[in-house]
Amino acid sequence: MSKLLSIPDALLNRPQNSSMVGTSFMFVCVALVCLYLADISISTYDPWLEIHRMMLGVITPDFFAIDAIGSALVKTVAFALVGVSLGAVSGFFLAQVYHLRTVRLACSLVRSVHELFWALIFLQMLGLTPLTGILAIALPYAGICAKVYSETFEEAEASALQAVPLGSGIVSTFFYARLPEVWVHIVNYTGYRFECGLRSSAVLGFVGLPTLGFYLESAFNEGNYSEVSALLITFYVLIATIRYWLRLKFLGVYLIAAPFLLGGGADIKLGNVMRFLTVDIVPAPLRGSDLLDASNWMKFFSWAQNMLTDQALPGIIATIVLTQIALVGTAFLSLAFFPLISEKFLGKYGRMVGHLFLVIVRSTPEFILAYVFLHLWGPSMLPAIIALSLHNGAIIGHLMGRYSNEIRLRPDHANGVNLYGYEIVPRLYGQFLAFLFYRWEVIMRETAILGILGIATLGFYVDSALADIRLDRAMFLIAITALLNVGIDSLSRHIRQRLRLSRTVQNHSRVSTQADGK
Amino acid sequence: MIKMNFLKITSALFLSIGIGLSVATPLSSPKASDTFVFTAIPDEDESRLRQRFNKVADYLGQKLGVSVKYIPVKSYAAAVAAFRNDQVQLAWFGGLSGVRARSLVSGSKAIAQGFEDKAFETYFIAHSSTGLKSSPAFPKGIAGKVFTFGSKGSTSGRLMPEFHIRENLGKSPHDAFKKVGFSGNHSKTIQLVQSGAYQVGAVNFKVWENELKAGKIDTSKVSIIWKTPPYPDYQWTIRGNVDGRWGAGFEDRVKEVLLNMRDKDLLSSFPRSSFISASNSDYQPILDVAKAIKLID
């Protein structure tokens, strides 16, 4: 924190920077209050037996234990490709009408629900079919892409547009004056989304799709840590080599092949879909009852009130507490992590180790990190906080490290700690905050899948409702989760606008993607 | 690479997505109509389950003369959903998941249970540091400890232990304990209590005995402190519409084949000594308990 605040006075006097520091300070204070409210404790006796076995597994990966590792790998890529493409193409079209309030709201709602919850919803309607996995990725990604693409269009240079002669058609104007300005950004951002898509696709295995996560969860649950380590290494390699195998020119071939590789599944029955939509998710007091009868509505209101006071409210509080602490944890860790891959601080080999470290930390599913810490420290919010902070800190650290490479320094620049504290961090600070505020809602969504630790976030209550096959309650809570996310999203946008941060992210996307395309 | 024609890329994208979807749809509805599919709740180590149920699939296929397939699922709720959606026609459910599934699918029946399932038990286990010792009476000393159930939808890992906790401590688990967790499955409950991450846990007695035999338990660190009174648990449940799809008398034949399972290897993989006839009414006590603690409305 001292580094955060040790920004030189000259910079502090500039209005924008001082408000950035003020905002940072406020978030740290909020996190401290949350830390006070949070349940944090360390309470284990014999973690070392299990930790020892985990370590042993890490150094003895067993690639032959799982016959299906190849097919799981292929399916992970196939689901990501099909899901993200569908999401990106829909997002592209939605971006053209993103100024419509309903479109904006719909996009914001679909992206506010975690992929895992989408998968669980489609699992009820469609069963374990490829379509479940595709839609679980495509829907939220369409919402995210629509938002980012439309922002890209908004912030594009308008000079070409002004040069278009009067009377040119809409279509040709779009293709010759609008699109070329933003095309690079769109391609690059979509490339970044593919990496996220691979992670999502792997994680969908946790609910039963045949991707890497399926085998990872089993192996981890069974304590077969050599298998776990083989699966994780496979996944790290897949992510780390993405720039070599994911090329625009191969994309067509991949996309044509991908659907054939998804594998079969059970029958999709329209009756099941209809039953889900018209019966299952209707609140129990209203299900099959007379809607004109006021007493049924009274029952519904007391049902909703009970849901709110017993589950939604405590869930919201736990979710916010965890999110705010993890957000600030993420901030500190990204500031600590980015020099590991920055040319400004480390040589070639040092950076290679740094890259390896960041790939490992950001690609290990949070729930595995959390579970390891659960063994170490016992059940409390602590394992979840550390897991979320590490995972997200590595992602933002990675982006910042890339960006720091683009900074031009004077020949007589300082070195080491002085360079870090007086030059690089202040110059990166705007981007850093922008990334954090973008990541805010993501962190909140991720709190949902850590219910296993017994932390009663909204996700925990959703999971309980699904386990009880009370789909009406699950949908009610998912809707509340979505609204909370929408709220955080608009708060984040408001803060970014006030600090004038949005533009910087666009600049960043140009930089990061150039680094990607190399 | 950026210079590549936008239209070309976009049309390739569309074309492939179009082809993809049209291919994925028929792929997702194969000749499932003549394959008899079953699943099981994921109550313990999955590779063991897979091994066990693939053998069961072979056995059933051989005896029934139809193609039989086992599909693994990741949660109790997913097993119930697959049964409800007719994506599986037979399932190895626990007491609670079976009651839930049968209430959702009219005409479905419990047809067979393990010999041991007539009188199943839950073991309460504790880490040695708690100082709790085995006793015939409910260990009231567990109040205020850090406690873990198994899966949220488990009979032996959730329903019955919660019932006895409420009965004996007069409070919900949330109020009775310092902290309450859901480990996910019985194997993990044992692991987490053994490491002391949780002080006390509730576990399926069959899984405990299996893991003890496999040498995975250090009894100097974790031990049994209480055994619940017996209750009915696991059973094979079949959908009511199978006769229509595989011919009259199919349901009876499935039942007969299950009851006639004699292969020692197969039975010990469950582990059960044999399968005996069961009926829906055998599980009335489970339904009553689930209603009493409001897990079922």
Checklist outcome for this item: Taking Cα pairs closer than 8 Å and at least 6 residues apart, the relative contact order of chain A in percent is 21
Next on the checklist: Quick check: at a probe of 1.4 Å, how many percent of the accessible area of the protein assembly as shown sits on carbon and sulfur atoms?
Outcome noted: 62
Checklist entry - Can you give the % of DSSP beta bridges in the protein assembly as shown that are antiparallel, to the nearest 5? => result 60
Checklist entry - Which whole number gives the average count of other chain Cβ atoms within 10 Å of the Cβ atoms across peptide B:189-198? => result 6
Checklist entry - Are there any helices in chain B, counted as whole DSSP H runs, that stretch 30 Å or more along their axis by Cα and score at least 1.0 on average by Kyte-Doolittle, and if so which? => result B:6-27
Checklist outcome for this item: Residue-normalised 222 nm signal for chain A, counting each DSSP H run of n ≥ 4 as -39,500 (n - 2.57), nearest 500 deg cm²/dmol, is -23500 deg cm²/dmol
Checklist entry - How crowded by other chains is B:147-156, given as the mean number of beta carbons from other chains within 10 Å of each beta carbon? => result 2
Checklist outcome for this item: Binned at 10 Å starting from 0, the alpha-carbon pair-distance distribution of the range B:102-240 in whole percents comes out as 12, 42, 31, 12, 3, 0
Next on the checklist: Counting only other chains, and only Cβ atoms inside 10 Å, what mean value do you get across the residues of B:66-78?
Outcome noted: 5
Checklist entry - What list of whole percents do you get for P(r) of chain B, with Cα-Cα distances grouped in 5 Å bins up to the one holding the largest distance? => result 1, 5, 11, 15, 16, 13, 10, 8, 6, 5, 4, 3, 2, 1, 0, 0
Item to check | Computed [θ] at 222 nm, deg cm²/dmol, chain B (DSSP H ≥ 4; -39,500 (n - 2.57); rounded to nearest 500) | outcome: -12000 deg cm²/dmol
Checklist entry - Taking θ as phi - 60°, what are the ³J(HN,Hα) couplings along the range A:122-137 by the Karplus curve (6.51, -1.76, 1.60), each to the nearest whole Hz, with x for Gly and Pro? => result 5, 4, 5, 7, 10, x, 7, 10, x, 4, 4, x, 4, 5, 4, 8
Checklist outcome for this item: Shape descriptors of the range A:63-280 over alpha-carbon atoms, Rg and Dmax in angstrom, are 19.7, 69
Checklist outcome for this item: Projected onto their principal axes, the Cα atoms of chain A stretch, largest extent first, over whole-Å spans of 76, 74, 48
Checklist entry - Given H placed 1.01 Å from N in the peptide plane, which residues other than close sequence neighbours of B:S67 have an amide H under 5 Å from its amide H? => result B:F36
Item to check | Within-15-Å neighbourhood charge of A:I386 [Cβ basis; K, R +1; D, E -1] | outcome: -2
Next on the checklist: Can you list residues from other chains, or at least 5 along the same chain, whose modelled amide H is less than 5 Å from the amide H of B:F120?
Outcome noted: B:Y231, B:D233
Item to check | Taking the range B:166-297 and dividing mean pair separation by its residue count, relative contact order in percent (alpha carbons under 8 Å, at least six apart) | outcome: 15
Next on the checklist: Counting heavy atoms of the protein chains only and a 1.4 Å probe, report the per residue accessible area for the protein assembly as shown as a whole number of Å².
Outcome noted: 40
Item to check | Per residue Cα convex hull volume in Å³ - calculated over the range A:287-381 | outcome: 174
Checklist entry - Which percent, nearest 5, of DSSP beta bridges in the range B:121-227 are antiparallel? => result 60
Next on the checklist: With a cut-off of 8 Å between alpha carbons and a minimum separation of six or more residues, what is the relative contact order of chain B in percent?
Outcome noted: 25
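The values are calculated or read from the model by the stated rules, or taken from the named source; none is laboratory data. This structure is a prediction, so every number in the text was calculated from the model and none was measured. Reconstructed Cβ throughout: ideal geometry from the backbone, glycine too, with neighbour counts over all protein chains shown. Only protein heavy atoms, including side chains, enter the accessible area calculation; ligands, DNA and RNA are left aside. Shrake-Rupley method; radii C 1.70, N 1.55, O 1.52, S 1.80 Å.
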